[in-house]
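Engineer: Take this structure first; my questions come after.
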Amino acid sequence: MSGWKGAEPYFGAMTLSRRGLLGLAGAAGAAGALGVGASGVGASGVGAAEVGASGAGAPGAGAPGAGTARAGAPGTGAPGTQAVGVSAGRVRTGFERLAADGYAVLAGQRVGVVTNPTGITADARHLVDVLHADRRVDLVAVFGPEHGFRGTAQAGGSEGAGRDPATGLPVYDTYDKSGQRLADVFTAAGVDTVVFDIQDVGARFYTYIWTLYDCMRAAALAGKAVVVLDRPNPVGARRAAGPVLQRPYASFVGREPIALAHGMTAGELAGLFAGEFLRGAGSAPRLEVVRMAGWRRESFFEETGLPWVPPSPNMPTPGTALAYAGTCLFEGTNLSEGRGTTTPFELVGAEGVDRRWAQAANALELPGVWFREAYFTPSFSKHAGKTCGGVRLLVHDREAFDPVRAGIGLLVTARRVWSGFAWRSDQWIDRLTGSDRVRRMVDAGAGVEEIAGDWAAGLAGFAAVREEYLLYP
């Protein structure tokens, strides 16, 4: 790639970035913009709701739909919002701050929630159950993403439509729907506001962020508002990494030109989507992002004090998420990425692979990770029931570890040492990496540094724009 050509029309003029917003807001609006409250954006309105933040602030200037700051000290709210046995020093999610503010953002709205098993409180209650039981919220619908509202479907599947047995609420299936089809679902559900609360894992090809994107587009078409309840990026978000998607390779595992490891939260991505990709009359919805409290970019999930719920069937632990941005690239090959084992995405291999792969991978001396020779038998997916040889990733320094470079290193060395290596015939690897460049360079014998150098200019361009939408220190 050279100069991130696929993305230039979208990241060139940062007219709707945070910097642009503060410039547009003027003196009155700047008092409430992003730092202490919400700021209006262009024609549609974007808010970053500082629910429970100190200082009320002034409403952000801009079109109708801009948010306003909420007064009060962090963590305050109705009695009983602090769960028994929950540490006072932990991260407060967007949902918790919404609840502490008495659900003011949702007042008078018919609400639908896009969520899955990860949409929980600090004491492990599901937000749908909590909202349904609270008379201050008119919750009328639930929307399930890939894997479903209850999370029972495998990759590439959903649970379909039905009724939630716990609440009796209708559950609508959003998977494989976008544009007007999804807008029609929101209209049929009778909602005024679509609330999004799903745990992401920080990788472009993890589809929940594109469910958010599709919901934002559809909400604009249907005239609905969107509220994003923010959650941590579980692998830390100090920086972006990896290649930036090129537009001809867009799909549900990457709709727009962002880096493979984006280094953002769902709330930050919502702002970026609205400001860079959905701008223009009627193309972005009225948006509120309810921020977390107490989260910092360098934090890994284990440091948040929050309970981990697998966001999909093959994402059992935060350690899985740490490796995922690199090892999921093996979905584009004939090797198993560890699905059907107890450590998916931490194990990679195939029949016929031997110790030479681990030796070659360790010889790269990639920072923060060791590669252990490993053998496993997947119970389903690729090579099911067959004994596979391969590698197990052992991350010993999370701060130094770069999962994308590790994944590229494994691709490079697997092709060198195993004669059976092959790409999937549908060139799925190009969708995962965002172009054909990685595949072609691996086939040409390029090394890790040469391949990473090829995406450096595009990554630098994305990183500059990303900076304008970050909400946390």
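The values are calculated or read from the model by the stated rules, or taken from the named source; none is laboratory data. Worth saying up front: this structure is predicted, and the values here are computed from it rather than measured. Heads up, the Cβs are rebuilt from the backbone with ideal geometry, glycines too, and the neighbour counts pull from every protein chain shown. Keep in mind that these areas ignore ligands, DNA and RNA; they rest on the heavy atoms of the full protein, side chains included. Shrake-Rupley method; radii C 1.70, N 1.55, O 1.52, S 1.80 Å.
Engineer: Of the residues E365, E449, E467, only one is free of Cβ contacts under 8 Å to residues at least 60 places away in the same chain and closer than 30 Å to E288 by Cα; which? Working first, answer last.
Structural biologist: Details: E365 fails: closer than 30 Å to E288 by Cα; E449 fails: closer than 30 Å to E288 by Cα.
Within the list E365, E449, E467, the selection yields E467.
Engineer: Would it be correct to say that S381 is in contact (Cβ under 8 Å) with a residue 24 or more places away in the chain, over 27 Å from A259 (Cα atoms), among the hydroxyl-bearing types (S, T, Y) and in contact with a Lys or Arg (Cβ under 6 Å, 6 or more places away or on another chain)?
Structural biologist: Yes, satisfied.
Engineer: Do you know which of the residues in the range 95-120 that are modelled with pLDDT of 95 or more and assigned to a loop (DSSP other than H, G, I, E, B) is farthest from T167 (Cα to Cα)?
Structural biologist: Per the stated criteria, the residue is D101.
Okay, residues lined up against (1) open to solvent by less than 10 Å² (accessible area, probe 1.4 Å); (2) more than 22 Å from E331 (Cα to Cα); (3) in contact with a Gly (Cβ under 7 Å, 6 or more places away or on another chain); (4) not β-branched (V, I, T):
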residue: A237; (1), (2), (3), (4): yes, yes, yes, yes
residue: A250; (1), (2), (3), (4): no, no, no, yes
residue: V253; (1), (2), (3), (4): no, no, no, no
residue: H262; (1), (2), (3), (4): yes, no, yes, yes
residue: L272; (1), (2), (3), (4): yes, yes, no, yes
residue: E276; (1), (2), (3), (4): yes, yes, no, yes
residue: G294; (1), (2), (3), (4): no, yes, no, yes
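Engineer: A follow-up question, please. Among the residues of the range 191-210, what is the count of those that are more than 26 Å from L139 (Cβ to Cβ) and either of a type in the set (G, A, S) or more than 8 Å from the chain's Cα centre (by Cα) (or both)?
Structural biologist: Filtering the range 191-210 for residues more than 26 Å from L139 (Cβ to Cβ) gives 201-206.
From the residues that got through so far, the ones that are either of a type in the set (G, A, S) or more than 8 Å from the chain's Cα centre (by Cα) (or both) too are 202-203, 205.
Residues that pass the stated criteria total 3.
Engineer: Right, something else. Consider the range 239-298. How many of its residues are assigned to a loop (DSSP other than H, G, I, E, B), over 16 Å from the mean Cα position of the chain (by Cα) and under 19 Å from G407 (Cβ atoms)?
Structural biologist: 1
Engineer: Count, please, the residues in the range 212-234 that happen to be of a type in the set (D, E) and free of Cβ contacts under 8 Å to residues at least 40 places away in the same chain. Walk me through it before giving the result.
Structural biologist: Kept after step one, since they are of a type in the set (D, E), are these residues of the range 212-234: 214, 230.
Now drop any that are not free of Cβ contacts under 8 Å to residues at least 40 places away in the same chain, which leaves none.
Summing the residues that are of a type in the set (D, E) and free of Cβ contacts under 8 Å to residues at least 40 places away in the same chain in the range 212-234 gives 0.
Engineer: Same structure again: Can you tell me which residue among T320, T304, T342 is of a type outside the set (D, E) and either farther than 30 Å from G94 by Cα or in contact with an Asp or Glu (Cβ under 6 Å, 6 or more places away or on another chain) (or both)? Working first, answer last.
Structural biologist: On the way: T320 fails: either farther than 30 Å from G94 by Cα or in contact with an Asp or Glu (Cβ under 6 Å, 6 or more places away or on another chain) (or both); T304 fails: either farther than 30 Å from G94 by Cα or in contact with an Asp or Glu (Cβ under 6 Å, 6 or more places away or on another chain) (or both).
Of T320, T304, T342, the one residue that is of a type outside the set (D, E) and either farther than 30 Å from G94 by Cα or in contact with an Asp or Glu (Cβ under 6 Å, 6 or more places away or on another chain) (or both) is T342.
Engineer: Still on this structure, I have one more. Pull out all pairs, ordered by first then second residue, where Cβ-Cβ is under 7 Å, the residues are six or more apart or on different chains, the first lies in the range 393-416 and is surrounded by fewer than 22 Cβ atoms within 10 Å (Cβ to Cβ), and the second is at pLDDT 95 or above and aromatic (F, W, Y).
Structural biologist: L394/W370; V395/F401; H396/W370; R398/F300; R415/F421
Engineer: Could we say that P165 is within 30 Å of G340 (Cα to Cα) and touching a Lys or Arg at 6+ places or on another chain (Cβ under 9 Å) here?
Structural biologist: no
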